[in-house]
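Down below is the structure, laid out as C-alpha cells.
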Amino acid sequence: WNADGFVDVAIGAPSYKGGCDPTYGERVGRVYVWNGGPAGFGDSGTPANADQILAPAGLSNALCYTFPTDGFGAELASADRTGDGIDELVVSDPGYFHAECYPNTIAGQGRVSVFRGGTTGFALSETVRGPTCSSGQCDADQCGGNTLGEAMAAGDLDGDDRADLVMSRSSSSSADVV
C-alpha cells in the first residue's frame, strides 16, 4: 500500500477493546499494518511494532458505551479503487451504528471504509454506509441488523480498470456493489 515495491500485510482485530473501557466488553476493532521491505516485516510482527494502526473514524468514549460492537477490521480487502496503480485497503465495520438511528435500532447498520495508500501512510478516501434512517422512522426492519460488510470481496467487475466492492448484508439475500 505504500508503493515501495514490497508486499505489505494488514491484520484485522475486530474484537480489540482499546479506546473504550474494556470492563464493559466493548469491541471497537483495529487494523494493524506492517510495511514489507528488504528485511521483511520487522522483528516479530507484533502489534507493538506495527508500522501503522487504523481505528474506526469518529470514535469517542460516549459512542463506546452507546454502540459497543463495531467490529472494525472484521473483513479486509486490497484493491485499486482509483486506478492509480496503488491498492487501497478496504476495511469493514459491520456493527457500526449510524447516530441518526439511535436509539431505535437493535443492531448495527455497518459501514465499509476505503483507505488510500501511499508513501506517507493511509488516508480515509471513501466510506460506504449501510441503510440510513430518517428521524422517527427507525425500526429493526429498516435499519437494525443490516451489518453491511459482514463479508466482502473486490475486483474489476465492469472492465474499467478500477476495483469494485461487493459487500453482503445479513438482512438481505443480495449484495451491494459499488
Legend entry - Failed criterion for G118 (all others in (1) modelled with pLDDT under 65; (2) open to solvent by less than 60 Å² (accessible area, probe 1.4 Å) hold): (1)
Inset, instruction - Quick one: count up the residues across the range 1-39 that are modelled with pLDDT under 80 and not charged (D, E, K, R). - result: 8
Inset, instruction - Exactly one condition in (1) modelled with pLDDT of 90 or more; (2) surrounded by 13 or more Cβ atoms within 10 Å (Cβ to Cβ) is not met by D158; state its number. - result: (2)
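The values are calculated or read from the model by the stated rules, or taken from the named source; none is laboratory data. What you see is a predicted model; the values in this text were computed from it and never measured. Every residue, glycine as well, gets a Cβ built from its backbone with ideal geometry; the counts of neighbours run over all protein chains shown. To get the accessible areas, we keep the full protein, side chains included, count just its heavy atoms, and leave off ligands, DNA and RNA. Shrake-Rupley method; radii C 1.70, N 1.55, O 1.52, S 1.80 Å.
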